[in-house]
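The values are calculated or read from the model by the stated rules, or taken from the named source; none is laboratory data. Note that this is a predicted model, so its numbers are computed, not measured. Heads up, the Cβs are rebuilt from the backbone with ideal geometry, glycines too, and the neighbour counts pull from every protein chain shown. Surface accessibility is based on the protein's heavy atoms, side chains included, excluding ligands, DNA and RNA. Shrake-Rupley method; radii C 1.70, N 1.55, O 1.52, S 1.80 Å.
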Amino acid sequence: MDIAEYYDDIAQCNKCGFCQVACPIFRSTGHESGVARGRLALLRAIIEGRLEWDKELEGPLYDCLGCGACTANCAPSVPTADLIIKARNEYLEKVDRKPIHKMLFDYLLPYPRRLHLAARAVALGKNTGISSMARALGLLRIFGRDFSRAEEIVEKLPPLPFRDKFKPGVYEGFGESLRIGYFVGCGIDVIQQEAGQATLEILKKVGKSVTILNNCCCGLPAHSYGDIKAAKKLAAKNLDILALDEFDVIVTDCSSCAGFLKKYPEIFADDGRSQQAETIASRLKDMVELIVPNEPVSVSAENPLVATYHDPCHASRGQGLIKEPREILKNIEGIEYREMPEADWCCGGAGSYALSHYDLSQKVLDRKMENLKKTDADLLVTSCPVCMIQLSYGVRRHGLKAKVCHISQVVTGK
């Protein structure tokens, strides 16, 4: 891939600076290289031969959260996040590709069973304190500069993955005719299993049958890193499963997965499987699209809880899902909904961002926590497992009372 192919898109930037207002990274650092117009200026300099590809570009390219807030605040709507991913792809080809990512994208994420075994090992280390000892001894630095600090973001891990408890296969539901395929994201599978169980409960109520799929990673982590080839391989494995004509709708409770699965037609645009990808995307639903907001679920009418909502970037800007989750929460008896300032600002999770940008990630998270304090919420609700992990860490660090939960958990009262 040659970033020069996208010169016209990059040249659309008129350097107005409106992206500064919306960029969480710029608001944290104040560095011009950390905002859309600065990053685009670097790409333009590369294309025009004024700058060479080298390791000095790693910071400006990989500091970006990919949240898309800049484009939403841009008059010509320059797709900066997409252009940065294309630039990352060329950077990996011409400058540096880290072995740890090749292992993750090529040998772990494509294979659910391997991922489960790795998750069990990590859970054992985390829950027995072995990982804390390794951190103290500096042994975790082999995984990256910030890994030893970022490791504490996850408080604990379940001993078994979700799909070890609920095996892939067909489960009978209570609905009349809807056949549902449940795409289980990696975060739900190995960390946020309570959310997965709540989702499964809802899906059984709605569907005549619910098939827990034996899917692999959707491909978003590899794509975000710039490894587009690895992302397409992961997507191709999922196409083989999702293309089966056994489902009326395919549902996932990870908004990041949903956003990327809906982009499969773009991934296979120049491929013989483009029509297959189009069919899958047309059947794909984020969980918040499936929950019927006019069917209230009582939580605690006698002791109402204050709830607020954090918009995952891949839900609000990625899919345009803004009204749906708020309508659901406002319609639940026993909940008082309060809007959080800057609810659609990135929380700093951004996949594995904290593993290599811990300090920046926490600056972005601190801003989110200050806004959470203004709501005095009992529940901080969202629809992305990575956001849940990041927000839970922020709540612990700031000593707040809010419980972070998935919207499926609120709807089921669990």
Take the stretch 366-393 and flag every residue that is closer than 30 Å to Lys285 by Cα, surrounded by fewer than 19 Cβ atoms within 10 Å (Cβ to Cβ) and not polar (S, T, N, Q).
Asp378
Selection status of Glu336, without any contact (Cβ under 8 Å) to a residue 40 or more places away in the chain, at negative phi, surrounded by fewer than 20 Cβ atoms within 10 Å (Cβ to Cβ) and not in a helix (DSSP H, G or I)
yes
Lys363 vs. criteria charged (D, E, K, R), under 29 Å from Tyr225 (Cβ atoms) and open to solvent by less than 50 Å² (accessible area, probe 1.4 Å):
no
Quickly run through the stretch 308-333 and pick out the residues that are under 16 Å from the mean Cα position of the chain (by Cα) and in a helix (DSSP H, G or I).
Cys313, His314, Ala315, Ser316, Arg317, Gly318, Gln319
Of all residues in the stretch 15-42 being more than 16 Å from Arg367 (Cβ to Cβ) and not hydrophobic (A, V, I, L, M, F, W, C), the one that is surrounded by the most Cβ atoms within 10 Å (Cβ to Cβ)
Arg39
Given the options Tyr225, Tyr182, name the one that is hydroxyl-bearing (Ser, Thr, Tyr) and in contact with a strand residue (DSSP E or B) (Cβ under 7 Å, 6 or more places away or on another chain).
Tyr182
Of (1) modelled with pLDDT under 95; (2) open to solvent by less than 30 Å² (accessible area, probe 1.4 Å), Cys405 fails just (1)
Cross-chain or 6+ apart pairs with Cβ under 6 Å, the stretch 198-221 first and closer than 11 Å to Gly185 by Cα, then charged (D, E, K, R)
Cys216/Lys237
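Can you pull out every residue in the stretch 83-103 that is open to solvent by 60 Å² or more (accessible area, probe 1.4 Å) and either at pLDDT 85 or above or under 30 Å from Ala69 (Cα atoms) (or both)?
Across the stretch 83-103, the qualifying residues are Glu93, Lys94, Arg97, Lys98, Lys102, Met103.
Take the stretch 252-274 and flag every residue that is over 18 Å from the mean Cα position of the chain (by Cα) and of a type outside the set (Lys, Arg).
Pro265, Glu266, Phe268, Ala269, Asp270, Asp271, Gly272, Ser274
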Filter the stretch 104-136 down to the residues that are at pLDDT 75 or above and not in a helix (DSSP H, G or I), then identify the one that is most open to solvent (accessible area, probe 1.4 Å).
Tyr111
